[in-house]
């Protein structure tokens with residue numbers, strides 16, 4: 001049996017979808033309607049038929065005393081190691097448990113949890129994978145939390161915030177993939193050894209750079225290994241059979257494949273992905289229907305940090321300000337005002353009022369929140385103790401504020417399309433925030449008004465109101481599976497990352513200028529410059545069967561530092577990458593090779609080849625689909641080789 005698994009790692013919630021078929025079956029003929037999504041997550045608090053069952057909060061709760069191990073140590077852990085807290089020291093007390101997903105959400109329903117966290121709550125850590133200025137304040141707070149957590153570690157060296165970000169991502173993905181593995185085997189009635197191969201699709205935001213995508217691929221590979229996910233092959237810390245899909249393209253693939261809006265080849269639409277943390281808008285044109293293929297227009301992406309979480313943040317500030325006058329609430333049975341405000345805003349409002357709130361309804365009732373010990377409530381006409389009333393007018397106001405920010409993103413995208421003479425046919429609203437009736441009605445009216453200004457009629461397509469679509473919260477993950485099953489007619493394989501080989505070139509004044517030189521091993525009068533020879537450069541077309549031969553010459557010292565004759569000879573080749581435009585004949589630290597990063601080395605003992613006279617072993621680079629293999633060969637003999645996946649070096653969707 002072969003699996004196709006897609007992970008939509010979201011800022012607020014995550015989802016997983018999959019397809020299973022016999023190993024010999026042609027995935028291109030797999031019915032998209034048979035794609036399944038993981039549900040029945042542990043501690044799920046809603047009705048089992050709720051569409052929320054297909055997603056799980058992207059949250060972790062680290063208990064006190066949790067020991068962090070650096071990434072290198074995690075790679076050395078045996079496959080199937082779910083508990084990443086093993087420090088190697090045995091204790092009599094039970095090991096503290098790492099809570100994730102709905103387990104954390106259940107803890108957040110308790111006043112004592114919100115007031116006195118017995119551990120560290122980590123959420124929205126996906127924001128730190130991207131180096132943009134988005135979520136600046138949250139990134140700063142999260143960095144402080146990660147630095148504090150890193151103090152309890154299994155190594156002497158400090159663990160950087162960047163590595164801590166990858167560690168918490170690995171921990172979360174390990175939990176997610178372990179649960180996914182159990183559910184898939186249970187649903188299909190299979191054992192792990194009956195799954196021959198697994199292809200993993202990773203959904204990434206359109207604004208992510210190559211480093212963020214590469215780090216995400218790294219984290220997914222390590223998590224799959226720790227979870228013991230069947231059918232996944234990980235070599236040289238790189239997972240084979242990986243496919244990268246942009247989140248908007250995956251979501252649109254699912255919705256349009258399901259028949260949303262009767263959109264065909266040549267039609268152009270604005271896709272608005274409204275999630276919990278961010279809202280993004282991109283303009284696409286349908287270029288093919290079977291299989292569905294999209295081309296993004298030459299219009300700059302629009303986006304901002306105005307997802308549905310902004311509503312909770314505004315309510316939290318409001319409630320905390322009201323409770324500012326009630327100091328007596330602090331320290332009663334381990335609870336305090338901030339804890340009360342957090343529970344009201346991030347749990348009660350989230351689960352009771354938020355999804356169904358209609359800001360256009362003039363008869364909305366006030367929102368009531370339990371605050372144990374509250375003596376009086378100036379906002380409550382009945383002045384009932386232990387209860388806080390938030391006027392419906394305030395809830396309407398924060399909805400209007402956040403919806404207006406989303407509206408600016410939609411307006412910006414439609415205006416740019418109009419200015420660039422791009423004829424937009426429809427606007428599609430998707431994502432978790434798209435479940436909000438208030439947002440849907442607001443955007444629909446806004447789109448109508450903008451259409452009147454442009455002299456056009458834009459269709460507003462709301463998947464959540466189309467019963468034939470089913471759930472939309474898992475649209476990105478399900479669409480990524482559909483996209484992975486049939487990769488034909490994808491985007492051109494234009495390199496977005498350069499790969500190169502470390503070489504020592506004989507010094508040439510015209511070529512190397514004033515770069516530092518090294519003396520030759522055999523003749524100190526010979527001068528060499530350590531450079532990078534770039535095998536593939538950014539912007540070049542890398543065909544699936546790309547192959548290049550590079551002649552290499554190695555010098556070996558005849559004696560060691562003590563003058564003793566050398567008995568063993570080894571060659572060592574360095575593999576470099578860069579996400580920036582790079583130049584041959586320059587060292588890794590030269591400004592022309594800014595951002596160059598050493599990723600692998602191939603070291604091979606070639607003592608058996610030693611014989612007098614000139615020799616010319618060469619390096620062979622072979623690209624097979626989304627995998628690159630570097631081979632050291634001499635006179636037909638393979639001396640050493642190393643392979644790794646390069647999906648993150650190409651545009652999402654390329655094969």
Criterion (at pLDDT 85 or above and under 24 Å from the mean Cα position of the chain (by Cα)) met by exactly one of 133, 137, 72: 72
Can you tell me which residues in region 6-30 are surrounded by 22 or more Cβ atoms within 10 Å (Cβ to Cβ) and more than 15 Å from the chain's Cα centre (by Cα)? 17, 18, 19
Just one of the numbered conditions (1) at pLDDT 60 or above; (2) within 28 Å of residue 203 (Cβ to Cβ) is not true of residue 604; which one? (2)
Output yes when any residue across region 43-61 is more than 29 Å from residue 252 (Cα to Cα) and modelled with pLDDT of 90 or more, and no when none is. yes
Name the one entry in 153, 225, 214 that is touching a residue at least 12 places away in the same chain (Cβ under 8 Å), more than 30 Å from residue 31 (Cα to Cα), buried (at least 17 other Cβ atoms within 10 Å of the Cβ) and touching a helix residue (DSSP H, G or I) at 6+ places or on another chain (Cβ under 9 Å). 214
Among residues of region 571-587, those that are assigned to a loop (DSSP other than H, G, I, E, B) and within 14 Å of residue 505 (Cβ to Cβ), counted: 4
Of all residues being in a helix (DSSP H, G or I) and touching a helix residue (DSSP H, G or I) at 6+ places or on another chain (Cβ under 8 Å) in region 55-76, which is surrounded by the most Cβ atoms within 10 Å (Cβ to Cβ)? Just the residue, please. 74
Check on residue 529, assigned to a strand (DSSP E or B), touching a helix residue (DSSP H, G or I) at 6+ places or on another chain (Cβ under 7 Å) and modelled with pLDDT of 70 or more: yes
Do you know which residues across region 179-201 are out of contact with any helix residue (DSSP H, G or I) (no Cβ under 8 Å at 6 or more places or on another chain), surrounded by fewer than 15 Cβ atoms within 10 Å (Cβ to Cβ) and part of a helix (DSSP H, G or I)? 182, 186, 187, 193, 194
Residue count, region 600-610 (criterion: surrounded by 12 or more Cβ atoms within 10 Å (Cβ to Cβ) and under 32 Å from the mean Cα position of the chain (by Cα)): 2
From 597, 567, 637, residue being over 16 Å from residue 503 (Cβ atoms), surrounded by fewer than 20 Cβ atoms within 10 Å (Cβ to Cβ) and at pLDDT below 75: 567
Residues within region 228-241 that are surrounded by fewer than 22 Cβ atoms within 10 Å (Cβ to Cβ) and in a strand (DSSP E or B), tallied: 2
Considering only region 248-285, state which residues are in contact with a helix residue (DSSP H, G or I) (Cβ under 9 Å, 6 or more places away or on another chain) and assigned to a loop (DSSP other than H, G, I, E, B). 258, 263, 267, 275, 276, 277, 278
Exactly one of 451, 373 is part of a loop (DSSP other than H, G, I, E, B), without any contact (Cβ under 8 Å) to a residue 60 or more places away in the chain and either over 30 Å from residue 331 (Cβ atoms) or in contact with a strand residue (DSSP E or B) (Cβ under 8 Å, 6 or more places away or on another chain) (or both), and that one is 373
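For every residue, the table says whether it meets (1) within 21 Å of the chain's Cα centre (by Cα); (2) over 29 Å from residue 76 (Cβ atoms).
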| site | (1), (2) |
| --- | --- |
| 212 | yes, no |
| 219 | yes, no |
| 247 | yes, yes |
| 253 | yes, yes |
| 265 | no, yes |
Hits in region 120-150 (condition: in a helix (DSSP H, G or I) and without any contact (Cβ under 8 Å) to a residue 12 or more places away in the chain): 136, 137, 140, 141, 144
Scan region 514-522 and tell me whether some residue there is in a loop (DSSP other than H, G, I, E, B), at pLDDT 85 or above and within 30 Å of residue 54 (Cα to Cα). no
Condition test on residue 297, is it under 27 Å from residue 136 (Cα atoms) and in contact with a helix residue (DSSP H, G or I) (Cβ under 8 Å, 6 or more places away or on another chain)? no
With (1) modelled with pLDDT under 95; (2) crowded, with 22+ Cβ neighbours inside 10 Å as the list, and residue 422 as the residue in question, which single condition is left unmet? (2)
Hey, does region 393-407 have a residue that's within 30 Å of residue 325 (Cβ to Cβ), under 27 Å from the mean Cα position of the chain (by Cα) and not in a loop (DSSP other than H, G, I, E, B)? yes
Any idea how many residues of region 411-431 are in contact with a strand residue (DSSP E or B) (Cβ under 6 Å, 6 or more places away or on another chain) and in a helix (DSSP H, G or I)? 3
Considering every residue within region 461-476, establish whether at least one is more than 26 Å from the chain's Cα centre (by Cα), modelled with pLDDT of 85 or more and not assigned by TED's automatic domain parsing to the domain that holds residue 21. yes
From 227, 252, 223, grab the single residue that is under 16 Å from residue 296 (Cβ atoms) and modelled with pLDDT of 85 or more. 252
Number of positions in region 1-43 that are in contact (Cβ under 8 Å) with a residue 24 or more places away in the chain and in contact with a strand residue (DSSP E or B) (Cβ under 8 Å, 6 or more places away or on another chain): 26
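The values are calculated or read from the model by the stated rules, or taken from the named source; none is laboratory data. Since the model is a prediction, treat every value here as computed from it, not as a measurement. So basically every Cβ, Gly included, is an ideal-geometry build from the backbone, and we count neighbours across all protein chains shown.
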